[in-house]
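The values are calculated or read from the model by the stated rules, or taken from the named source; none is laboratory data. Keep in mind that this is a model prediction, so the values were computed, not measured. Please note: Cβ atoms are built from the backbone with ideal geometry, for glycine as well, and neighbour counts cover all protein chains shown.
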Amino acid sequence: MPASDQNINPERYQIVPRVLVFAWRGELLLLLKIKGKGRWDGRYNGLGGHIERGETALDAARRELLEESGLQADLRLVGTLLIDTGESPGIGLFIFSGQAGAGELVPSEEGDLAWIPLGDVDKFHLLDDVPILLDRIRATGPGEAPFSARSFLDAKGRLQVIFDE
């Protein structure tokens with residue numbers, strides 16, 4: 001459907017669609033130590049990136065996981081997060097999780113990959129929302145609906161993540 005039929009108004013808040021993937025091997029979580037990305041440099045996150053034109057969110061999650069790690073996984077949508085950047089556009093994040101298949105990690109230009117025991121994750125310098133999202137993902141059962149949340153920085157510059165209930 002053409003944009004002219006969608007009532008797109010540039011004055012309204014807009015988002016950039018992205019995916020975030022948390023891949024597991026049992027109780028080991030695959031994280032990426034980010035390099036070359038400004039204030040996020042040296043911090044750990046799941047894998048992911050932009051959704052390209054013509055892709056579904058799941059297609060993008062599978063592609064990003066393969067590009068950044070060389071792995072494939074049985075992924076499921078576990079949640080969505082609208083990240084309010086304080087201006088337009090914001091970020092529309094589709095969050096996936098799943099067990100990774102067999103295979104060795106392939107180095108990525110995005111950063112260094114590491115399998116981290118879930119009990120040790122808090123010992124790593126994570127992006128601020130990662131522990132919050134991981135707690136919610138771990139509390140959500142396989143048959144439960146994906147969560148919906150929004151995040152923003154409060155007046156003191158602290159990250160707030162609000163989940164719909």
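A compact table of results
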read-out	value
Subset tally (residues that are within 19 Å of R18 (Cα to Cα) and either surrounded by 13 or more Cβ atoms within 10 Å (Cβ to Cβ) or in contact (Cβ under 8 Å) with a residue 12 or more places away in the chain (or both)) for the stretch 83-108	16
Among (1) part of a helix (DSSP H, G or I); (2) surrounded by 14 or more Cβ atoms within 10 Å (Cβ to Cβ) - the single one L75 does not satisfy	(1)
Yes/no for D84 being at pLDDT below 95, under 30 Å from P10 (Cβ atoms) and touching a Gly at 6+ places or on another chain (Cβ under 6 Å)	yes
From L82, L58, L66, residue being out of contact with any strand residue (DSSP E or B) (no Cβ under 6 Å at 6 or more places or on another chain) and within 17 Å of F147 (Cα to Cα)	L58
Residue under evaluation A155, criteria (1) hydrophobic (A, V, I, L, M, F, W, C); (2) surrounded by fewer than 13 Cβ atoms within 10 Å (Cβ to Cβ); (3) outside any loop (DSSP other than H, G, I, E, B), criterion not met	(3)
Scope the stretch 17-47; condition within 14 Å of the chain's Cα centre (by Cα), at pLDDT 95 or above and among the aliphatic types (A, V, I, L, M); matching residues	V19, L20, V21, A23, L29, L30, L31, L32, L47
Counted residues, the stretch 1-59 - those being in contact with a helix residue (DSSP H, G or I) (Cβ under 9 Å, 6 or more places away or on another chain) and outside any loop (DSSP other than H, G, I, E, B)	20
Candidate set from the stretch 60-72 (those that are in contact (Cβ under 8 Å) with a residue 24 or more places away in the chain and among the aliphatic types (A, V, I, L, M)); member that is surrounded by the most Cβ atoms within 10 Å (Cβ to Cβ)	A61
Filtered residues of the stretch 88-131 (kept if touching a Phe, Trp or Tyr at 6+ places or on another chain (Cβ under 9 Å), within 16 Å of R150 (Cβ to Cβ) and either not aliphatic (A, V, I, L, M) or not in a strand (DSSP E or B) (or both))	S88, P89, G90
Cross-chain or 6+ apart pairs with Cβ under 6 Å, the stretch 130-157 first and within 13 Å of L77 (Cα to Cα) and at pLDDT 95 or above, then basic (K, R) and not in a strand (DSSP E or B)	F147/R136
Flag if A60 is under 16 Å from L113 (Cβ atoms) and at pLDDT 95 or above	no
